[in-house]
Structures are given as C-alpha cells and as structure tokens.
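Below you'll find the structure, written out as structure tokens, and then a few comments.
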Amino acid sequence: MSINPMAPGHVLVVPIEEIDHWIDAPADLAAHLFSVAHRVARAQAEVFKCEKVGMIIAGYEVPHAHIHLVPTKEMSELSFANAAASVDRDDLESWAAAIKTALSVAD
C-alpha cells in the first residue's frame, strides 16, 4: 500500500531486485511485474468499484523501479498532486485486507 495514496487502495508493485529505471529490468522481470500488476489491479477494480485502475511508472521519487496502481473514476485523480500527506494506518490495513481477500477469491 502507498503511504501517500492518491486514492483509497493505491498500491505499489515493487520488485525485490533493485533496479533504478524500469527499462533496465530484464524482460522476464518486466513481464512478471506486469503480470502481478494485472492481478492486483483486477482485485482493486472489484474492491473499489472504480472506473479504471491507473498505472504509473515514474521512478523519480526513489531510485528503485516500481509500479503505482491507483483506483480512479476519472483521469484527474491520477496525479501525484493528489497524494495524501498522511493516511490513517487503519485505513491502509483495511484496504490491504480487502485487496488480499479479492486476490484469494480469484485464485
């Protein structure tokens, strides 16, 4: 879960291997990241009843490639300007639990 979410349910998909720029990831790792992102996004769409799950690969905020998955109802919600300065830990845990449940049902 993002600790500075743009929207409820904002998730980060982060590889274990530290790679600064996502285009430097080996093809098999890139494919795996997108496969995981696809699976998580489907769960987010179910849980948060959003129009779309937006995906951002920016990589400027930390030197470790990662994918942002953000449940959205419109394009304007997909902006780092919307990131919360802080969020209640109970909310993060609740969102994570809901996503985990949706993932386990999909298995």
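The values are calculated or read from the model by the stated rules, or taken from the named source; none is laboratory data. Just so it is clear, the structure is predicted and the values come from calculations on it, not from any experiment. All Cβ positions, glycine included, derive from the backbone under ideal geometry; neighbour counts span all protein chains shown.
If I filter segment 51-69 for residues that are modelled with pLDDT of 95 or more, over 15 Å from the mean Cα position of the chain (by Cα) and either more than 27 Å from D20 (Cβ to Cβ) or β-branched (V, I, T) (or both), do I get at least one hit?
yes
Can you find a residue in segment 35-48 that is surrounded by 15 or more Cβ atoms within 10 Å (Cβ to Cβ), in contact with a strand residue (DSSP E or B) (Cβ under 7 Å, 6 or more places away or on another chain), in contact (Cβ under 8 Å) with a residue 60 or more places away in the chain and at negative phi?
Checked segment 35-48: at least one residue is surrounded by 15 or more Cβ atoms within 10 Å (Cβ to Cβ), in contact with a strand residue (DSSP E or B) (Cβ under 7 Å, 6 or more places away or on another chain), in contact (Cβ under 8 Å) with a residue 60 or more places away in the chain and at negative phi.
May I ask you to list the residues in segment 11-33 that are assigned to a helix (DSSP H, G or I) and free of Cβ contacts under 8 Å to residues at least 24 places away in the same chain?
Within segment 11-33, I23, A27, D28, L29, A30, A31, H32 qualify.
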